[in-house]
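Following: one structure in structure tokens, then a few remarks.
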Number of protein chains: 2
Amino acid sequence: MSLDTLQERLAEIQSLNNIGAVLGWDQQTQMPEAAAGARAEHLATLGKVLHEKSTTDELGKLIEDAEKEIDGMDSDSFEVALVNMARYNFDQATKVPTEFVAEFQRATALAHNRWAQARAENDFSQFRDDLAKIFEMTQQQAEYLGYDDHPYDALLDQYERGMKSADVTRIFNDLRDQLVPIVAGIADNKDKASDALLRLDYPIELQRQFGNEVATKIGFDFDRGRQDLAVHPFCTNFSRNDVRITTRYEIDWFSGGLFSTIHEAGHGMYEQGSAEALDRTPLAGGTSLGVHESQSRLWENVVGRSRNFWTFFYPELQKAFPEQLSNASLDDFYRAINASSPSFIRVEADEVTYCLHIMIRYDLERAVYDGDVKIDDIPAAWNAKYEEYLGITPPNDTLGCLQDVHWSAGIMGYFPTYALGNLLSLQFYEKAIEAHPEIPEQFAEGKFDTLLTWLQDNIYQHGSKYPPKNLIKQVTGEEIRVEPFINYIKNKYGEIYGI
Amino acid sequence: MSLDTLQERLAEIQSLNNIGAVLGWDQQTQMPEAAAGARAEHLATLGKVLHEKSTTDELGKLIEDAEKEIDGMDSDSFEVALVNMARYNFDQATKVPTEFVAEFQRATALAHNRWAQARAENDFSQFRDDLAKIFEMTQQQAEYLGYDDHPYDALLDQYERGMKSADVTRIFNDLRDQLVPIVAGIADNKDKASDALLRLDYPIELQRQFGNEVATKIGFDFDRGRQDLAVHPFCTNFSRNDVRITTRYEIDWFSGGLFSTIHEAGHGMYEQGSAEALDRTPLAGGTSLGVHESQSRLWENVVGRSRNFWTFFYPELQKAFPEQLSNASLDDFYRAINASSPSFIRVEADEVTYCLHIMIRYDLERAVYDGDVKIDDIPAAWNAKYEEYLGITPPNDTLGCLQDVHWSAGIMGYFPTYALGNLLSLQFYEKAIEAHPEIPEQFAEGKFDTLLTWLQDNIYQHGSKYPPKNLIKQVTGEEIRVEPFINYIKNKYGEIYGI
């Protein structure tokens, strides 16, 4: 009874969230620039309504009553998952005072503008005070949200429910210790692979057509989604039947458009696979950012940069771009798309070095909260970490600590999920192959449905019904760990670079 | 003080309305079909929130207080207009019981589906009961809304504030008496113009490019708007800086794409011209459907189908379509785009016959409310009217009384605004030419800004600050009347058809 009414209220909140996603998608793909001010007002109004609806006393009471109703029910049931999620969201929304939320929004809006200018002008000092304020306010936010061990846990929990900073530190230390020597080994053999082939001119309309073919073939359903252009590619959705991926093509960088298409299609298939019964509930869609990223990276890298994948697609690609590729062998192409080298910009990093970029950000965030690094020392600390982990020193802060949007947006505790997703992608893939050893060879025949069906059955259909920790345990029998990823990197890059 | 708070509340309501428009635009231009169910839920949730926010006791109290505050203020002031509009909208929203609104939504949702099927299968009987229910419910709606003379006034008032059915009847009788003989005269001379030239193959991408050039040239600002494809072309906006027009191209019907582009650009320029100070208030954008339609029709027909307009554009068009048009003279083309003949389908009607289609619908709506025509007799009455006004009898109901979506959507009292817009387009145009007699010749030089600026200054900038009756009086010194339109038709078509 309360459960029914609760479900109605949650469905409305879900709809309002979906509406916000429509506004955001339109803003980034269709809207004329001149409308930015008006759209900010739309989003502010919707945010206010959403906050009101998410924090009513009635909702709190409905959740309390529903908690009594589910007492004794199967802990794996939809009802229990729904009420638990409703409780989690309600607590998250009500713990932080409304005035703080408003002040935080104002602070990050200003910070974002000053960060953009600081980055453009390579001048950290312009962003320094905003960044200090954001670290202070997120510390305060953590106090409101509550934590047992470390304030970082409260921040991280927003994106990776149940994950603790102590675990991240342990995992990352392990990962770093194993990755740094590999990166150094590749650097010593860097002539063995080059991405020059991908830097020829590839006409954009042909890139688009090929990308759409690939996305369709691996299983992104264009009848329940679409693809558009965006400056910063992303995936969003307004229901499992309306999943929008975006990409950006550069004429002289083939990898950019294609692999971001596959990456976003990976996110998209996860959303499209969420069970119909979960739609219009807070259990719809991916369970955490880490698990989401595991899917985009699985499809982008483990599948999309594999030799088997290109055994199937490379002849097609050569047909589409004969001028550029008819003299390049499959092996040439395979080495080009997997060329690895340390670089300054995270979003352009290859799959070997990527996690090290993440760890640098994580280390610094923790160090600032712990008082070990002062705001003014961030640029130097950043550069020292790049030297330590990747063997390179950013020539300026634009290519250094000013490169990412996250801090200016007040998104602290978010970065680790990118690296955790990379680790998970291999843990899941190993399990899929255990169940269906034929999967890798199937790629060479353009067959991706065995893998997709396994992911669908084991991960996608569950949406957010299981918290990430539970889902990971249930699918892999393990916690997050580094070995599958490290073994994959060692095997693949050992072969490519002869190390 | 109350006025400030009132303005904040109204701004939120305006934002929610804009958000609904984004959802609608996306639905009709971008959304995958599979998402229809989810989008209906988004719209229902938003509608509920909008209704809540529009009918709170707090809002009613704020309006009452603000009414005291504006007492004695200049009746032409922004504040007075704002409070009057707030009062009007609040009364409209609170007079109709929430349960009735919900029941009406359910009824029209069902009716729409059955109408679509009835139309597809040419079977009025499938839609009959729904139509009867909609006539009953709209009569009830009129009772809730209130009226002095006739329930139709209450319905009409929703779209053309202050207009009375008695006035519409008087205007339409006059218009019909003068139009019917003109239509008959053209029919007797129908060989003097033909649209065959427009039915050659015109590649769609070239149509699109030419249409965008024309829209840009007449003054639609693509930096504050965009154009997309839609099955049923429309114009919508989410602020004066974000105006979205849509169109549809057919390869073998050149007029369809181009003139719908100019039509929607006319609506769009009206919205783009609304003063910045009115944005985020209920005074933003066009003041009524009739005045809106006067702008789309002014640009589409009076400007876009004039000889001067094509003196400028026809050489461009011939360059774009040499194969189709190099042997056709400007005069051939001018006659083709102005060929007139009675036809069954309203949306395909030319500017001479269009208003007669409207009058038929108006006559029937009134006759049903007055008990003079029974639901079952609508098809026969419809056909008789087509014979009487246009000299043709629809061969079936699909081409007859089932053709329009409006009745199934519960939109009664809406049709007259289309015809009123046609009359107004000439009243406004006459006044513009009185002020700037050089306007028509300027078109021949591709110069449209004198007209646009005049419209901007006299109509567009005011948004909905003045109720339509006041605006019309202020701009023309008159009420709506038929002579300017009839004179225009007589002159133009007298010359084309030699009558």
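Computed from the coordinates by the stated procedures, all read-outs in this text should not be read as laboratory data. The model shown is predicted, which means the values in this text are computed figures rather than measured ones. Methodologically, a virtual Cβ is constructed for each residue, glycine included, from the backbone with ideal geometry; neighbour enumeration extends over all protein chains shown.
Give the Rg/Rh ratio for region A:143-212, taking Rg as the radius of gyration of the Cα atoms and Rh as the Kirkwood radius, to two decimals.
1.27
Order A:307-319, B:241-253 from most to least packed using the mean count of other Cβ atoms within 10 Å.
B:241-253, A:307-319
Along its three principal axes, how long is region A:2-95 when you only count alpha carbons? Whole Å, largest extent first please.
Principal-axis extents of region A:2-95 (Cα, largest first): 55, 25, 21 Å.
Treating the beta-carbon of each Lys and Arg as +1 and of each Asp and Glu as -1, no other charges, what is the dipole magnitude of chain B about its Cα centre, to the nearest 20 debye?
640
Aspartates and glutamates within cross-link reach of B:Lys469: Cα-Cα under 17 Å, excluding same-chain residues under 8 positions apart?
Partners found: B:Asp76, B:Asp153, B:Asp157, B:Glu160, B:Asp167, B:Glu293, B:Glu478, B:Glu479.
Provide the per-residue ³J(HN,Hα) series for region B:264-279, in order, calculated from phi with Karplus coefficients 6.51, -1.76, 1.60 and θ = phi - 60°, each as a whole number of Hz, with x at glycine and proline positions.
5, 4, x, 4, x, 5, 4, 5, 5, x, 4, 4, 4, 5, 8, 4
Give me Rg/Rg_expected for region A:290-359, where Rg uses Cα atoms only and Rg_expected = 2.2 N^0.38 Å with N residues.
Normalised Cα radius of gyration, region A:290-359: 1.27.
Compute the separation of the alpha-carbon centres of region A:446-495 and region B:62-81 and state it in Å as a whole number.
Computed from Cα coordinates, the inter-centre distance equals 64 Å.
Quick check on packing: order A:8-14, B:374-380 by the mean number of other C-beta atoms within 10 Å, highest mean leading.
So the peptides A:8-14, B:374-380, ranked by packing, come out A:8-14, B:374-380.
Quick one: work out Rg over Rh on the C-alpha atoms of chain A, Rh as Kirkwood radius.
Here the Rg-to-Rh quotient is 0.95.
When the dipole is taken about the Cα centre of region B:2-95, and only Lys, Arg (+1) and Asp, Glu (-1) are charged at their Cβ, what size is it in debye, to the nearest 20?
Approximately 500 debye in magnitude.
Sort out for me the Cα centre separation of region A:160-176 from region A:113-129, rounded to whole Å.
One Cα centre to the other: 30 Å.
With 27 Å as the limit, write out which pairs from B:Lys190/B:Lys319; A:Lys374/A:Lys490; A:Lys48/A:Lys95 have Cα-Cα distances beyond it, or answer none.
Violating the 27 Å Cα-Cα cut-off are B:Lys190/B:Lys319; A:Lys374/A:Lys490.
For chain B, calculate the relative contact order in percent as a whole number, restricting contacts to Cα pairs under 8 Å that are 6 or more residues apart.
Relative contact order comes out at 21 percent.
At a Förster distance of 45 Å, what's the computed FRET efficiency of A:Asp332 paired with A:Arg170, Cβ-Cβ distance as r, to 0.05?
Efficiency, from the Cβ-Cβ distance: 0.65.
Report, for A:Glu250, each distance to the same residue's label point in the other copies, shortest first and in nm; define the point 7 Å along Cα→Cβ.
So the distances to the same position in the other copies read 4.6 nm.
Which value at 222 nm does chain A reach when only helices count, each DSSP H run of 4 or more adding -39,500 (n - 2.57), with the total divided by all residues and rounded to the nearest 500 deg cm²/dmol?
-20500 deg cm²/dmol
Where the convex hull is taken over the Cα atoms of region B:196-255, what is its projected area averaged over directions, in nm²?
Mean projected area for region B:196-255: 4.4 nm², to one decimal.
Using only atoms on other chains, find how many Cβ atoms lie within 10 Å of each Cβ of peptide B:37-44 and report the average.
6
Residue-wise, which Karplus ³J(HN,Hα) couplings in Hz belong to region A:72-78, taking 6.51 cos²θ - 1.76 cosθ + 1.60, θ = phi - 60°, and x for glycine or proline?
Those phi angles translate into x, 6, 3, 5, 8, 7, 4 Hz.
Quick check: convex hull over the Cα atoms of region B:247-387, volume per residue in Å³, rounded to an integer?
158
For B:Gly72, place a label point 7 Å out from Cα along the Cα→Cβ vector, do the same in each other copy, and report the separations in nm, one decimal, smallest first.
From this label point to the equivalent ones elsewhere in the assembly: 7.0 nm.
Between copies, how far apart are the B:Glu213 label points? List them in nm, one decimal, shortest first, with each point 7 Å from Cα toward Cβ, please?
So the distances to the same position in the other copies read 3.4 nm.
Any idea how far the Cα center of region B:282-357 sits from the one of region B:1-57, in Å?
Region B:282-357 and region B:1-57 have Cα centres separated by 34 Å.
From the backbone phi of region A:133-147, what are the Karplus-calculated ³J(HN,Hα) couplings (6.51 cos²θ - 1.76 cosθ + 1.60, θ = phi - 60°) in whole Hz, Gly and Pro given as x?
Going residue by residue, I get 5, 5, 4, 4, 5, 6, 4, 4, 4, 4, 4, 4, 5, x, 6 Hz, with x marking Gly and Pro.
Which listed residue (A:Ala38, A:Leu50, A:Asn84) has the Cα farthest towards the positive end of the charge dipole for region A:2-95, taking +1 on Lys and Arg C-beta and -1 on Asp and Glu C-beta about the Cα centre?
The Cα lying farthest towards the positive end belongs to A:Ala38.
Could you size up the charge dipole of region B:175-313 around its Cα centre, putting +1 on the beta carbon of Lys and Arg and -1 on that of Asp and Glu, and report it in debye to the nearest 20?
200
Just the number, please: Stokes-Einstein D of region A:363-410 in µm²/s, Kirkwood Rh from C-alpha pairs, 10 °C, 1.306 mPa s.
142
Which of the peptides A:385-395, A:68-78 is most tightly packed, and how do the rest follow, going by the mean number of other Cβ atoms within 10 Å of each residue?
Highest-to-lowest ranking by the protection proxy: A:385-395, A:68-78.
Which FRET efficiency, nearest 0.05, do A:Arg87 and A:Glu479 yield, Cβ-Cβ r, R0 35 Å?
Efficiency for this residue pair is about 0.90.
Can you pull the one-decimal nm distance between simple spin-label points at B:Glu52 and B:Val405, each 7 Å off the Cα toward Cβ?
2.9
In chain B, if the dipole is taken from +1 on Lys/Arg beta carbons and -1 on Asp/Glu beta carbons about the Cα centre, which of B:Gln7, B:Gln442, B:Ala277 is farthest to the positive end?
So the residue furthest toward the plus end is B:Gln442.
Averaging the inverse of every distinct alpha carbon separation and then flipping it gives the Kirkwood radius. What is it for the protein assembly as shown, in angstrom units?
Every distinct Cα pair counted, the radius reaches 32.0 Å.
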